[in-house]
Amino acid sequence: MYAALFYFIAGLTVIGALGVALSTNVVYSAMSLLAALVGASGLYVFLAADFVAVVQILVYVGGILILTLFAILLTHQIAEIQVSNRSVGRLPALGLVVLLGLAMGAAILRAPWHVEPLAAATPTTYGIGDSFLNQYLLPFELASVVLLTALVGAIVLSRKELRE
Amino acid sequence: MEPSALGNVASLAYSLPEIVLGAAVVLLFLLDLVVTRKETLGDVALVTLALVVVLSARLLWGDSAALYNGAVVVDGFALFFKLLLALAAFATVWMSLGSREIQKNGTGEYWAVLLASTLGLLFMASSTNLLMAYLALEFVSLTSYVLSGFMRHSRRASEASLKYLIYGGVASGTMIYGMSWVYGLAGSLDFRAIHTALMSGQGAALPLYVALLLTLAGLGYKVAAFPFHMWAPDVYQGAPIPVTAFLAVGSKAAGFALMIRFFFTAMAQSVGAGVYQLVGGVDWSQLILVLSMVTMTFGNLAAVAQQGNVKRLLAYSSIAHAGYMLMGFAVLNDDGLRAMLFYLTVYYLMNLGAFVVVMLVANSTGREDLAGYRGLAWRGGALPAVAMAIFLFSLTGLPPLAGFVGKFYLFAAVVEKQLYLLAVVGVLNSVVSLVYYARIVRTMFLEQPTGGEGVVAVDWHNGLLLGLLTIGTLVLGVAWGPLIDFAGRSTHFLAY
């Protein structure tokens, strides 16, 4: 039962991701992203990361995905893109991807991964808060400066020049 | 024997440069709302960076320490780069204050974003943790996208910014995936803990190799090394000139700093007498060696084929120089590192100098193409033309200029390690590079102006910076002792 559920959710994630990459229609891609993101949040649940799972739904599905959909709906002619650069052959690309895939597959199967014992499903919020303000204070603070600057930068780049 | 990392409060005393910089970013955002003369903000940025340089230099006399529970470290290596990076930002702000492009399109936010980018660079130079390294790198990338797209009316700048963003997104995505492999194998994000895990036999060669290759995508993208260089020509050409100089000198140096620290402290083992040994059974020095040869060859050949835009040519030249500097990386000892640090400093002087001349020409004539340099020496631009010739010959590596000394140390380290093939490829590349550097010099001196190019004037503000960089390039060509000593002392990582 446990394993079946895991494979169902993992499959949902992978199929969703494939849909994002392979669909020629941007709207379908965005909807596939929904499946991929919900699946990823399910995987977090399996890792006993309750807080991250919920935040994943709230932020990515509830916020970013909706914004993406709005951006698609409001953008003119986004569904039919003309790809102008077809100079790179598909066959060499396929060969490269297959080669890389084989190498990575072999590596994944052979790797002596560092295994942690499965944690009991206890609430993680306390630990996360504690880490933010102790162990990982500097990255936490730096992340806030990154977000501030990115916000200002995005506004600078996208605002229209006021003509006097 | 092994001191542990300092806590958050105790670390504050060691991070004054970062605190000042962070405060200045917020201050500039606020000042922008009340100050109407935007150059004032530039002056504030300039003073801030001078302060950062002084504060960083002051730490040279203090102890080394691991800070913030092992997120970053302050040691000789980090301080060397912090000084270099703060000076690069200082020169960029100086250039920006004298740039027509920035004056025309500049908004108040430019200065704050530039300082924020510098803050990211400082953290890149001192990160000892993959999480911190990723954050710092992404910080620098995000701010660089904004800086390179600042001229919103310019189609080229928008294209550059968008290309940079998409390419950067892919590169850092690949890198963080590689980092997740490293974490999966070693069970930690901390460089020292990764090292310990690999020493105790965790991890296997093939998965580690894949992980390193993926991680290298993000780092190689920052230093513009071969398969990850594609963004450089377009971005260098499209961005405002001071920003291009900042990317060419600052981002590249910080990328090297992070790369050196990650590979030398996590993926290698010091065996005494300044020699390092590989751990985990991954021969990444061979990988770097091949990367170095391909990068310099590609950069130089592409530069030879490049006839039009001088900024674009300097982009290919900077790719080639990333290749030269990787030579010092591949030899796996302190001599190589010392040569790299020395070369980075010299590269800072001569490359920045070349960009100042490009900016002077663009200021007066609005042109960046090679034809705009025709007879530069004979139409008021004698000073910049002579300076440019000095910088270009120094970039080629001709004596008695600083570039020669830099290359000499790099080649000496390579030959000492008996990597003759690498040395031969490097020398051949230097010869090839003379072709396109000399072409610019010939255009400036031997061709007569046709009359339509316009007069190039030098104001004292830009002239002063140009003079300082020229003197630096000349002096380091004959009296390099102090700097090479300083670089030699800075190759030690804190083994906390």
>> Can you tell me which residue is farthest from the chain's Cα centre (by Cα) among those in the range B:211-232 that are buried (at least 20 other Cβ atoms within 10 Å of the Cβ) and within 10 Å of chain A (Cβ to nearest Cβ)?
In response: B:ALA211
>> Need the failing condition index for B:LEU289 against (1) open to solvent by 10 Å² or more (accessible area, probe 1.4 Å); (2) closer than 25 Å to B:GLY98 by Cβ, just the number.
In response: (2)
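Going by the conditions given, is B:SER154 more than 7 Å from every other protein chain (Cβ to nearest Cβ), of a type in the set (Ser, Thr, Tyr) and either under 16 Å from the mean Cα position of the chain (by Cα) or buried (at least 22 other Cβ atoms within 10 Å of the Cβ) (or both)? Quick ask: steps written out before the conclusion?
Values: more than 7 Å from every other protein chain (Cβ to nearest Cβ): yes; of a type in the set (Ser, Thr, Tyr): yes; either under 16 Å from the mean Cα position of the chain (by Cα) or buried (at least 22 other Cβ atoms within 10 Å of the Cβ) (or both): no.
In short, no.
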>> With the structure loaded, tell me whether B:THR118 is touching a Phe, Trp or Tyr at 6+ places or on another chain (Cβ under 6 Å) and either under 30 Å from B:VAL47 (Cβ atoms) or buried (at least 22 other Cβ atoms within 10 Å of the Cβ) (or both) or whether it fails that test.
In response: no
> Which of the following residues is under 16 Å from the mean Cα position of the chain (by Cα), open to solvent by 30 Å² or more (accessible area, probe 1.4 Å), away from chain B (no Cβ under 14 Å) and modelled with pLDDT under 90: A:THR75, A:THR68, A:THR24?
Replying inline: A:THR68
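Checking the conditions here, which among B:VAL170, B:VAL93, B:VAL140, B:VAL182 is at pLDDT 90 or above and more than 14 Å from chain A (Cβ to nearest Cβ)?
Details: B:VAL170 fails: more than 14 Å from chain A (Cβ to nearest Cβ); B:VAL140 fails: more than 14 Å from chain A (Cβ to nearest Cβ); B:VAL182 fails: more than 14 Å from chain A (Cβ to nearest Cβ).
Result: B:VAL93 is the single residue among B:VAL170, B:VAL93, B:VAL140, B:VAL182 that is at pLDDT 90 or above and more than 14 Å from chain A (Cβ to nearest Cβ).
Quick check on this structure: which one of B:ASN105, B:ASN129 is more than 7 Å from chain A (Cβ to nearest Cβ), in contact with a His (Cβ under 9 Å, 6 or more places away or on another chain) and either surrounded by fewer than 24 Cβ atoms within 10 Å (Cβ to Cβ) or not acidic (Asp, Glu) (or both)? Let's see the steps before the verdict.
Working: B:ASN129 fails: in contact with a His (Cβ under 9 Å, 6 or more places away or on another chain).
After ruling out the rest, the residue left standing is B:ASN105.
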> Does any residue of the range A:113-130 turn out to be more than 9 Å from every other protein chain (Cβ to nearest Cβ), in contact (Cβ under 8 Å) with a residue 40 or more places away in the chain and assigned to a helix (DSSP H, G or I)?
Replying inline: yes
>> I need a count of the residues in the range B:1-45 that are open to solvent by 70 Å² or more (accessible area, probe 1.4 Å) and assigned to a loop (DSSP other than H, G, I, E, B).
In response: 6
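Yes/no matrix, rows are residues, columns are (1) within 21 Å of the chain's Cα centre (by Cα); (2) of a type in the set (D, E, K, R):
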| site | (1), (2) |
| --- | --- |
| B:VAL44 | no, no |
| B:LEU59 | no, no |
| B:GLU109 | no, yes |
| B:SER117 | yes, no |
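Please work out if B:PHE445 is modelled with pLDDT of 85 or more and open to solvent by 50 Å² or more (accessible area, probe 1.4 Å).
Numbers: modelled with pLDDT of 85 or more: yes; open to solvent by 50 Å² or more (accessible area, probe 1.4 Å): yes.
Criteria met by B:PHE445.
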> So is B:GLY250 closer than 20 Å to B:LEU341 by Cβ and in contact (Cβ under 8 Å) with a residue 12 or more places away in the chain or not?
Replying inline: yes
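The values are calculated or read from the model by the stated rules, or taken from the named source; none is laboratory data. Bear in mind the structure is a predicted one, so any value in this text is a computation, not a measurement. Virtual Cβ from ideal backbone geometry, glycine too; neighbours counted across all protein chains shown. Quick note on the areas: whole protein, heavy atoms, side chains included, nothing else; ligands and nucleic acids left out. Shrake-Rupley method; radii C 1.70, N 1.55, O 1.52, S 1.80 Å.
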